[in-house]
1. Going by the structure shown, is Thr35 more than 19 Å from Pro223 (Cβ to Cβ), touching a Ser or Thr at 6+ places or on another chain (Cβ under 8 Å) and either among the hydroxyl-bearing types (Ser, Thr, Tyr) or loosely packed, with under 15 Cβ neighbours inside 10 Å (or both)?
2. Identify, please: which residue in region 1-28 is crowded, with 16+ Cβ neighbours inside 10 Å and of a type in the set (Val, Ile, Thr) and is, among those, farthest from Ala119 (Cα to Cα)?
3. Could you name every one of the helices (runs of 4 or more DSSP H) located completely within region 130-194 that has at least 3 residues being within 19 Å of Ile98 (Cβ to Cβ), in contact (Cβ under 8 Å) with a residue 60 or more places away in the chain and in contact with a helix residue (DSSP H, G or I) (Cβ under 9 Å, 6 or more places away or on another chain)?
4. Taking region 112-170 only, how many residues are of a type in the set (Val, Ile, Thr) and within 21 Å of Thr35 (Cα to Cα)?
5. State the number of residues belonging to region 1-51 that are under 21 Å from the mean Cα position of the chain (by Cα) and of a type in the set (A, V, I, L, M).
6. Take Val226 and decide whether it is among the β-branched types (Val, Ile, Thr) and assigned to a helix (DSSP H, G or I).
7. Between a residue in region 17-32 that is over 17 Å from Gln197 (Cβ atoms) and any residue that is surrounded by fewer than 22 Cβ atoms within 10 Å (Cβ to Cβ) and of a type in the set (S, T, N, Q), which pairs come within a Cβ distance under 7 Å, given they are 6 or more apart or on different chains?
8. Please work out if Ala269 is surrounded by 13 or more Cβ atoms within 10 Å (Cβ to Cβ), of a type outside the set (D, E, K, R), out of contact with any Phe, Trp or Tyr (no Cβ under 7 Å at 6 or more places or on another chain) and modelled with pLDDT of 85 or more.
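The values are calculated or read from the model by the stated rules, or taken from the named source; none is laboratory data. Please read these numbers as outputs of a predicted model, since none were measured by experiment. Note that we place each Cβ from the backbone using ideal geometry, even for glycine, and neighbour counts take in every protein chain shown.
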Amino acid sequence: MNPEQTLIYERRVRDRTAAAAALAGVLLIVASIITLGGPHTSVNELTLDLLVANERFPRDLISSIITGIAALSAAWTLVYLYNAAHARNPMVKPYIRIVAILGGALSAVSGIAYAIIVAIKVHEFATTGIQTYQEADRLTSGGGLLVLQLLGQASALLVAVGFVLVSLQAMQQGLLTRFMGYLGMFAGALFLFQITQVPVVQCYWLLAVAYLISGRWPTGLPPAWVSGRSQPWPSSAELRAQRAVRGGATRGGAGGFFGGRSKPAPAGAPTGVPAAHATGVVEDGGAGRTRATTPKRKRKHRR
């Protein structure tokens, strides 16, 4: 697509994508709040964990469903950013789009399936048979749970890679500022290395991207969103150089440190030579005379 077609397509789906990004950010926080609520065990003991999990399973299942919806919405947002970056630079690798889609879909499916199977097993442990450690170990050591755990870890890795690569490419094409680009990469890393149980950074980035895509960014949209072409965000060194050039031009136009205005040179004056020196005229206090016409005064020698 040419830049005009790209801009038409992006405007058509912009509001839906902004809504999806905002929904993903809000649902991540909601799911975390639901998970933090309810009963929790104070000791790490398998049988007690299963009994408490049986009391919590409605809450955990709802949280997993909400997290799955958030993962799909976040994948939609990443795909939109990827498409925008690829339209401005066809050299952007297409596998990034596959990683973003696969990460979101696998995260949603594996998380919900794991919550359902765990709910079935803990209910079986709490309502039937003898509640011993051997029985608890038998129920939780099956191959199905192990496969779902591995899928969950793989999906977290794909989501993290998708966030990092899409944020990097969007920043390089000028679609995201450097702050937003690096923050998106950091948010992706936090899917693997969680610092807190509440995904504050991921939520903030998704809401900020939603605000940017909607066209309401406080400082205006980055130029790449307006032109439909790649306009990389300048580096720190380039920004410093631009500020230095602007500062030098401002000082030159202001007439030095005191803000005086230099008088224009008369016609025919050599370039770069002040008007007074070009004509041999220097102002003499408004007396109407010049040094060229004023007779020299004799110095009086004091004895």
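1. It is true that Thr35 is more than 19 Å from Pro223 (Cβ to Cβ), touching a Ser or Thr at 6+ places or on another chain (Cβ under 8 Å) and either among the hydroxyl-bearing types (Ser, Thr, Tyr) or loosely packed, with under 15 Cβ neighbours inside 10 Å (or both).
2. Top of the filtered list is Thr6.
3. Counting at least 3 such residues, we get 143-172.
4. Matching residues across region 112-170 total 8.
5. Residues meeting the conditions: 13.
6. yes
7. Ala18/Ser214
8. no
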